[in-house]
Amino acid sequence: MDFGFSDIQDELRGLARKILDDAVSASTLLAYDEYAEPRFDRALWRTLLDAGLPGIAVAEEHGGMGLGFMELGLFIEELGRSIAPVPVLAHCVSGMLPLQQFASADIQARLLPPAARGELLLSGAFWTGSVGGAVEPVQALPAEGGFILNGSCRGIPFARQADWLLLPVHSANGVAVVLVATDAAGVQMTDLQMTHFEPYAQIELSDVRVAAADVVMASGGEALVAWTREHCTAALCAQQLGAADRAMRMAASYTSERKQFGVPIATFQAVGHRMADCYIDVECLRLCTWQALSLLSEARAATTEVQIAKIWAGDVGHRVSYACQHVHGGTGIDRDYPLWRYCLWLRFNEVTLGSSSAQTAALGQRLSQGEGLFT
Amino acid sequence: MKIQFTEAQLALRDELRGYFRELMTPELRAECERDMGEGGGLLWRAALARMGRDGWIGLGWPKEYGGRDMSPMEQFIFVEEVMRAGYPFPFLTTESVGPTLAEHGNEWMREEIVPKILRGELLVSIGYSEPGAGTDLAAVRTSAVRDGDDWVINGQKMWTSLAHFCDYTWLAARTDPDAPKKHKGISMFLVPNSDPGWSCTPVHTLGGVRTNATFYDNIRVSDAHRVGELHGGWKLITSQLNRERLSLINFGPISELFNQVVHWARGAVYDEASTVAEQPWVQANLARSRALIECMKLIVYKQSWAMTEGTLGMADASAAKVFGSEGFIEVYRLLGEIVADSGLLRSHSAGAQEQAARIERLYRTASIITFGGGANEIQRDIISAAGLWMPRASR
Ligand SMILES: Cc1cc2nc3c(=O)[nH]c(=O)nc-3n(C[C@H](O)[C@H](O)[C@H](O)COP(=O)(O)OP(=O)(O)OC[C@H]3O[C@@H](n4cnc5c(N)ncnc54)[C@H](O)[C@@H]3O)c2cc1C
């Protein structure tokens with residue numbers, strides 16, 4: 001039982017925080033509000049790639065750092081803290097990681113090194129639906145060792161910016177998983193406008209050809225989907241942790257400065273206590289999230305722990321968002337003050353891949369079957 | 001970062017589970033039940049002494065006190081398992097007063113009292129609260145007056161739990177009535193409950209737990225019974241309370257209760273067509289409880305780890321206390337809804353079911369630690385100040 005950071009973990013967190021502090025601020029994020037521009041800071045992305053951070057959990061032979069999901073999660077926590085406009089969740093968690101875990105050596109050798117260098121951008125169709133959500137309605141018919149795809153995907157982050165999309169599809173043998181080039185004939189995208197301004201697109205596929213070489217799993221893709229969604233869910237928890245911690249600290253500083261009735265509003269016990277409740281909430285989210293990351297990093301069973309972390313991520317995100325808005329008064333929702341964007345992200349992380357209620361139902365069902373008890 | 005037990009820790013846990021399966025005889029269980037989960041009976045005493053002899057109580061203590069030199073984490077695993085087994089472990093003596101005596105006590109305390117505690121042969125009640133001093137503990141009026149080499153103690157304490165079967169009281173007394181700040185004039189004493197000037201009357205509470213009013217009538221003790229610096233008692237009180245806060249939140253029994261309720265719900269009939277566990281609202285209550293207890297577990301593990309590392313923060317100790325105390329109440333409610341009206345039957349009633357009757361009682365006892373051990377308002381004050389650097393109003 002070790003709750004401390006290793007030297008490498010400390011270094012990575014420090015490095016990420018330094019890069020993000022320098023590059024991301026309310027004034028840089030202003031550019032993307034209301035979709036004025038796609039929310040993708042390519043200069044920052046390049047800096048992060050040069051530091052090797054997106055490749056933290058990619059094996060050294062593929063050009064990554066060869067560390068684990070724990071380290072990637074700690075990096076994502078920092079991204080949540082700064083709500084940085086970069087595609088780490090899409091590219092790393094729903095792209096490189098499942099390829100590294102499930103794809104053939106050929107596909108790995110072809111895609112992972114350029115992806116780790118950032119020459120290719122990946123994303124995947126794993127971010128919609130609730131707990132254990134269904135595979136999007138894309139039908140795959142066999143053709144020349146590959147498939148022909150028809151159907152649609154509701155929402156893929158950074159789809160328009162990506163080079164390749166990892167798609168689970170329905171085939172005669174259950175779920176297959178394929179790579180689709182975003183410029184392939186028959187791929188049509190419609191931009192979505194999400195609450196938090198992240199680039200998302202809906203995809204239509206009409207007779208899209210997938211070559212045999214781009215088939216990641218011809219059958220048995222259910223395992224890849226479950227594995228990836230579990231990692232995506234844990235990544236959202238890490239992102240939520242960073243965002244909630246930051247919003248809470250912003251409120252703590254603000255209430256320590258702002259005076260009413262001649263005293264800092266933080267000195268009113270009711271205000272202090274609401275912030276203390278945020279502190280407890282964030283601590284719970286932190287511990288559950290770190291536990292989920294730690295188990296996944298060691299390739300241990302973590303379904304219960306990920307569900308619990310997401311329950312907390314939803315509840316804590318909602319409570320911290322509203323507590324912080326409240327103790328700021330009008331300033332909290334003034335778009336000239338940095339809190340409001342955090343509220344959008346707290347909401348996005350709360351609902352995506354299963355809200356607290358949905359996760360509660362899923363965990364409850366497992367418990368009722370005798371799974372997930374205390375050991 | 002590795003949030004899993006090591007192989008050795010898992011082995012220790014299994015060893016302890018085996019040990020307590022054997023130790024907790026039906027007779028001992030019945031006695032503990034009779035004593036409202038407080039202990040104090042003959043079998044309870046004998047079992048405590050056996051744990052001491054077998055080297056469990058001092059697992060995480062240095063060898064010089066008769067301990068086994070393992071870390072606070074191993075000590076914590078022991079306490080968790082002894083509580084999970086349903087034994088009312090006197091953790092305030094062993095986990096909070098004991099360590100404070102070892103750190104601040106004189107030779108007699110370190111060489112005699114502490115080793116006896118670790119052998120399970122000596123128990124200490126805590127004498128802080130008074131009729132006029134609760135949350136504002138520094139308002140204590142019980143006095144200790146110097147008389148030659150001795151001290152003469154007079155006053156009344158309130159809520160002195162377990163005192164009716166403890167050997168000593170860890171007593172906060174005013175030694176400087178003229179101190180400019182009231183918390184600067186307090187000293188700590190170890191007062192023998194066997195003294196003829198000592199007496200107690202029972203106080204019965206909602207949950208069936210007995211506590212006491214204790215009276216100190218011209219009790220004369222030598223200066224060797226004083227602990228730490230003269231008028232420096234406040235530091236010892238806060239140090240003891242920090243440790244107490246940690247041991248109040250123990251997730252062993254509640255995780256065991258949770259598992260039992262799940263097993264019960266899976267077999268219990270709800271209507272002609274379904275079991276209790278098949279009801280969506282029951283599943284939701286189970287999941288909510290499971291998620292809450294998981295955090296309780298992680299919070300206390302993190303604290304044990306931080307104690308091992310020597311990095312335990314004030315805000316985190318308070319967060320554990322607030323979260324745990326309020327979490328217990330929430331879980332008892334959620335699980336109580338599942339057992340429904342069988343959770344209204346007392347344990348001796350006809351038709352009582354073991355788990356449900358336990359919830360009936362636990363639900364009645366759960367408020368104590370939201371105001372005891374430092375009211376949760378005070379803990380939240382500490383969290384916002386020490387955890388978030390927020391200024392607070394002066395008191
Ligand atoms: C079963 C039981 C066992 C106990 N065992 C022991 C024992 O072994 N030894 C011992 O010394 N004591 C013991 N206590 C006493 C316990 O520590 C006190 O009850 C506790 O300190 C609260 O004091 P009080 O009851 O006088 O309540 P009060 O101090 O009157 O407080 C009542 C409420 O007022 C509010 N309040 C008080 N101050 C503030 C503030 N600054 N800010 C905001 N709100 C505030 C809180 O809501 C608090 O809960 C025990 C009590 C019980 C019921």
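The values are calculated or read from the model by the stated rules, or taken from the named source; none is laboratory data. Just so we're clear, the structure is a prediction, and the values are computed from it rather than from any experiment. Every residue, glycine as well, gets a Cβ built from its backbone with ideal geometry; the counts of neighbours run over all protein chains shown.
Of the residues making up the range B:346-392, just one is within 11 Å of the ligand (Cβ to nearest atom), assigned to a loop (DSSP other than H, G, I, E, B) and among the charged types (D, E, K, R), namely B:Arg392.
Taking B:Pro177 as the residue in question, decide whether it is under 29 Å from B:Gly40 (Cβ atoms), in contact (Cβ under 8 Å) with a residue 24 or more places away in the chain and surrounded by fewer than 18 Cβ atoms within 10 Å (Cβ to Cβ). Answer is no for this residue.
What are the residues in the range A:243-279 that are outside any helix (DSSP H, G or I) and among the aromatic types (Phe, Trp, Tyr), if any? The answer is A:Phe261, A:Phe268. For B:Leu206, the conditions (1) in the same structural domain as B:Trp159 (by TED's automatic domain parsing); (2) away from the ligand (no atom under 14 Å from the Cβ) all hold with the exception of (2).
Kindly provide the set of residues from the range B:362-375 that are crowded, with 21+ Cβ neighbours inside 10 Å and within 14 Å of chain A (Cβ to nearest Cβ), ordered by number. Result: B:Gly374, single match.
Out of the residues in the range B:260-279 that are free of Cβ contacts under 8 Å to residues at least 24 places away in the same chain and within 7 Å of another protein chain (Cβ to nearest Cβ), which is farthest from B:Met83 (Cα to Cα)? Looking at residues that are free of Cβ contacts under 8 Å to residues at least 24 places away in the same chain and within 7 Å of another protein chain (Cβ to nearest Cβ), I get B:Glu278. Taking the criterion of being within 14 Å of the ligand (Cβ to nearest atom), among the polar types (S, T, N, Q), within 14 Å of another protein chain (Cβ to nearest Cβ) and out of contact with any strand residue (DSSP E or B) (no Cβ under 8 Å at 6 or more places or on another chain), would at least one residue in the range B:67-85 satisfy it? There is no residue in the range B:67-85 that is within 14 Å of the ligand (Cβ to nearest atom), among the polar types (S, T, N, Q), within 14 Å of another protein chain (Cβ to nearest Cβ) and out of contact with any strand residue (DSSP E or B) (no Cβ under 8 Å at 6 or more places or on another chain). In this structure, does B:Thr93 turn out to be within 12 Å of the ligand (Cβ to nearest atom) and among the hydroxyl-bearing types (Ser, Thr, Tyr)? In short, yes. From the list A:Leu339, A:Leu367, A:Leu353, the lone residue that is out of contact with any strand residue (DSSP E or B) (no Cβ under 8 Å at 6 or more places or on another chain), within 8 Å of chain B (Cβ to nearest Cβ) and either aliphatic (A, V, I, L, M) or under 15 Å from A:Ala247 (Cβ atoms) (or both) is A:Leu367. Just so you know, in the range B:112-154 the residues that are out of contact with any Phe, Trp or Tyr (no Cβ under 9 Å at 6 or more places or on another chain) and assigned to a helix (DSSP H, G or I) include one that is surrounded by the most Cβ atoms within 10 Å (Cβ to Cβ), and it is B:Lys116. For the range B:174-217, filtered to residues that are of a type in the set (Ser, Thr, Tyr) and part of a strand (DSSP E or B), the residue that is farthest from B:Met158 (Cα to Cα) is B:Ser187. Evaluate the following for A:Ser219: is it in contact with a strand residue (DSSP E or B) (Cβ under 6 Å, 6 or more places away or on another chain), modelled with pLDDT of 95 or more, within 12 Å of chain B (Cβ to nearest Cβ) and surrounded by fewer than 22 Cβ atoms within 10 Å (Cβ to Cβ)? For A:Ser219, the condition - in contact with a strand residue (DSSP E or B) (Cβ under 6 Å, 6 or more places away or on another chain), modelled with pLDDT of 95 or more, within 12 Å of chain B (Cβ to nearest Cβ) and surrounded by fewer than 22 Cβ atoms within 10 Å (Cβ to Cβ) - is not met.
Does at least one position in the range B:249-259 carry a residue that is under 22 Å from B:Gly310 (Cβ atoms), over 18 Å from the mean Cα position of the chain (by Cα) and away from every other protein chain (no Cβ under 11 Å)? Scanning the range B:249-259 turns up no residue that is under 22 Å from B:Gly310 (Cβ atoms), over 18 Å from the mean Cα position of the chain (by Cα) and away from every other protein chain (no Cβ under 11 Å). Put simply, of B:Lys235, B:Lys184 the only residue that is more than 15 Å from the ligand (Cβ to nearest atom), over 24 Å from B:Thr94 (Cβ atoms) and either without any contact (Cβ under 8 Å) to a residue 60 or more places away in the chain or under 24 Å from the mean Cα position of the chain (by Cα) (or both) is B:Lys184. Scan the range B:231-247 and give yes if some residue there is modelled with pLDDT under 95 and within 14 Å of chain A (Cβ to nearest Cβ), otherwise no. Yes, there is a match, as at least one residue in the range B:231-247 is modelled with pLDDT under 95 and within 14 Å of chain A (Cβ to nearest Cβ). From B:Asp136, B:Asp149, which residue is more than 16 Å from the ligand (Cβ to nearest atom) and either in contact (Cβ under 8 Å) with a residue 12 or more places away in the chain or over 23 Å from B:Gly40 (Cα atoms) (or both)? Just one listed residue meets the conditions, B:Asp149.
In the range B:29-73, what count of residues is obtained for those that are at pLDDT 95 or above, of a type in the set (D, E, K, R) and part of a loop (DSSP other than H, G, I, E, B)? Summing the residues that are at pLDDT 95 or above, of a type in the set (D, E, K, R) and part of a loop (DSSP other than H, G, I, E, B) in the range B:29-73 gives 1. Among the criteria (1) on the phi < 0 side of the Ramachandran plot; (2) at pLDDT 95 or above; (3) more than 16 Å from the ligand (Cβ to nearest atom), the one B:Ala340 does not fulfil is (1). Of the candidates B:Arg266, B:Arg220, the single residue that is outside the structural domain of B:Phe323 (by TED's automatic domain parsing), out of contact with any Lys or Arg (no Cβ under 7 Å at 6 or more places or on another chain) and not in a loop (DSSP other than H, G, I, E, B) is B:Arg220. Of all residues in the range B:300-347 being among the charged types (D, E, K, R) and closer than 30 Å to B:His263 by Cα, which is nearest to the other protein chains (Cβ to nearest Cβ)? So, considering only residues that are among the charged types (D, E, K, R) and closer than 30 Å to B:His263 by Cα, the one nearest to the other protein chains (Cβ to nearest Cβ) is B:Lys302.
Let's see how each residue does on (1) at the interface with chain B (Cβ under 8 Å from one of its Cβ atoms); (2) among the aromatic types (Phe, Trp, Tyr); (3) closer than 18 Å to B:Ala287 by Cβ:
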| position | (1), (2), (3) |
| --- | --- |
| A:Trp290 | yes, yes, no |
| A:Glu298 | yes, no, no |
| A:Ala301 | no, no, yes |
| A:Val306 | no, no, yes |
| A:Gly314 | no, no, yes |
| A:His318 | no, no, yes |
| A:Ala323 | no, no, no |
| A:Gly330 | no, no, no |
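Pairing each residue of the range B:370-382 that is touching a residue at least 12 places away in the same chain (Cβ under 8 Å) and more than 18 Å from B:Gly313 (Cα to Cα) with any residue that is charged (D, E, K, R) and more than 6 Å from the ligand (Cβ to nearest atom), provided the two are 6+ apart or on different chains, yields C-beta distances under 8 Å for B:Thr370/B:Glu326. Working only within the range B:43-67, note down all residues that are under 18 Å from B:Leu12 (Cα atoms) and buried (at least 18 other Cβ atoms within 10 Å of the Cβ). If the condition is that a residue be under 18 Å from B:Leu12 (Cα atoms) and buried (at least 18 other Cβ atoms within 10 Å of the Cβ), then B:Met51, B:Gly52, B:Trp56, B:Ile57, B:Gly58, B:Leu59, B:Gly60, B:Trp61, B:Gly67 are the ones that fit. Inside the range B:155-173, residues that are outside any loop (DSSP other than H, G, I, E, B) and away from the ligand (no atom under 14 Å from the Cβ) make up a count of 0. Does the range B:108-123 contain at least one residue that is within 14 Å of chain A (Cβ to nearest Cβ), of a type outside the set (Phe, Trp, Tyr) and within 16 Å of the ligand (Cβ to nearest atom)? Taking every residue of the range B:108-123 in turn, none turns out to be within 14 Å of chain A (Cβ to nearest Cβ), of a type outside the set (Phe, Trp, Tyr) and within 16 Å of the ligand (Cβ to nearest atom).
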